[in-house]
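A short write-up of the structure that comes next.
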Amino acid sequence: MTKIAQGSSPRRIAIAIDGPAGAGKSTVARMVADRFGYVYIDTGAMYRAVALAALRAGVGPGDSGELERLVSGLDIRLETGDNGQRVLLNGEDVTGEIRSREVTAAVPAYAAVPAVRARLVELQRAMAKAGGVVMDGRDIGTHVLPDAELKIFLTASVRERARRRYEESGRAQGLTLEMLEREIAERDRLDASREIAPLVKAEDAIVLDTTSLTAEEAADRIAMLAERAALGAGGA
Ligand code: CDP
């Protein structure tokens with residue numbers, strides 16, 4: 001893949017990539033960030049870290065007071081190293097643990113709690129302040145970075161998304177394609193139907209269906225759009 005020299009674009013922009021589970025957001029977002037020398041911010045990992053901390057502390061999503069206290073005391077960091085991004089929860093590396101099935105199933109309920117979102121959105125905006133970011137999630141273009149110069153809504157069929165998860169980790173975990181399809185469809189339903197910052201396409205987002213695209217092809221298209229958006233932003 002061709003790397004674009006840093007500084008070749010007039011301005012370091014913000015790129016928001018939203019979409020449902022397994023659409024390829026994190027893979028594609030990382031590739032795009034890498035090409036431009038931008039920072040990649042995986043907001044899903046932050047919600048996963050909160051869910052893990054709450055599960056460990058025995059605090060349920062219905063206990064909003066306790067949850068608010070817990071979240072305000074958490075130190076969540078995303079660190080980029082040679083082997084990808086590491087997620088640190090109060091200094092502990094929880095990169096693997098936040099991908100467990102138990103955490104994955106629990107996240108939407110915790111992510112629907114206003115105090116959790118308020119705290120994480122505050123952190124995410126602070127991380128994006130300097131520009132030159134690719135941020136992926138569910139509400140980036142609609143809520144976190146409504147002024148992002150480029151917004152992408154990445155999607156793919158449920159079957160294809162389940163197939164990707166199966167190849168990625170499901171097979172190794174002894175899951176079937178059907179189980180993953182059901183779990184992904186259920187998570188989509190919860191994320192899209194919650195009251196606060198639901199998963200919806202921002203009005204000004206560009207839809208990219210990756211069902212029959214490789215991650216490289218999707219990243220190519222986004223990089224092209226980003227070049228254009230950066231040129232536009234430069235003149236603004
Ligand atoms: O990687 P995958 O698509 O499976 O999910 P993720 O991006 O790691 O996000 C996990 C969960 O966090 C989602 O199912 C949402 O419930 C929640 N989330 C959210 O509410 N808002 C975001 N900006 C990112 C994730």
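The values are calculated or read from the model by the stated rules, or taken from the named source; none is laboratory data. Since the structure is predicted, the reported quantities are computational estimates derived from the model, not experimental observations. All Cβ positions, glycine included, derive from the backbone under ideal geometry; neighbour counts span all protein chains shown. Accessible surface areas use protein heavy atoms only, side chains included; no ligands, DNA or RNA. Shrake-Rupley method; radii C 1.70, N 1.55, O 1.52, S 1.80 Å.
Quick notes
- For segment 120-211, applying the loop criterion from DSSP together with a ceiling of 14 other beta carbons within 10 Å to the trypsin sites (Lys or Arg not before Pro) yields Lys129, Arg171.
- With Cα atoms, 0 to 90° folded angle of helix 25-36 axis to the chain main axis: 40 degrees
- Gain on full extension, evaluated as 0.36 nm per residue between Ala105 and Arg228 minus their Cα-Cα distance, stands at 40.5 nm.
- Three-way shape label, segment 164-223, alpha-carbon gyration tensor, a/c 1.5: oblate
- Gain upon complete extension [Asp63, Arg11; 0.36 nm per residue less C-alpha separation]: 14.4 nm
- Range of Cα positions in segment 91-169 per principal axis (Å), largest first: 36, 31, 23
- Per-residue ellipticity at 222 nm from helix content only, as computed over the chain with -39500 (n - 2.57) for each DSSP H run of at least four residues, stands at -14500 deg cm²/dmol.
- Taking other residues whose beta carbon is less than 10 angstrom from the beta carbon of Leu78, and scoring Lys, Arg as +1 and Asp, Glu as -1, yields 0.
- Residue-normalised accessible area of segment 105-236, expressed per residue, 1.4 Å probe, Å²: 50 Å²
- If R0 equals 41 Å, the separation of the Cβ atoms of Thr176 and Ala130 corresponds to a calculated FRET efficiency of about 0.40.
- Per atom type, the chain shows carbon and sulfur on 51% of its accessible surface, probed at 1.4 Å.
- Compared with the dominant principal axis of the Cα atoms in the chain, helix 177-193 is inclined by about 80°.
- With the simple spin-label model, which puts each label point 7 Å out from Cα in the Cβ direction, the Asp93 to Ser212 separation comes to 4.2 nm.
- Rg and Dmax [Cα atoms of segment 122-221; Å; Rg one decimal, Dmax integer]: 15.3, 43
- Inter-label distance, Leu74 to Leu190: 1.4 nm, where each label sits 7 Å from its Cα along the C-beta direction.
- Percent of C-alpha pairs per 10 Å bin in the chain, short distances first: 8, 32, 38, 19, 3, 0.
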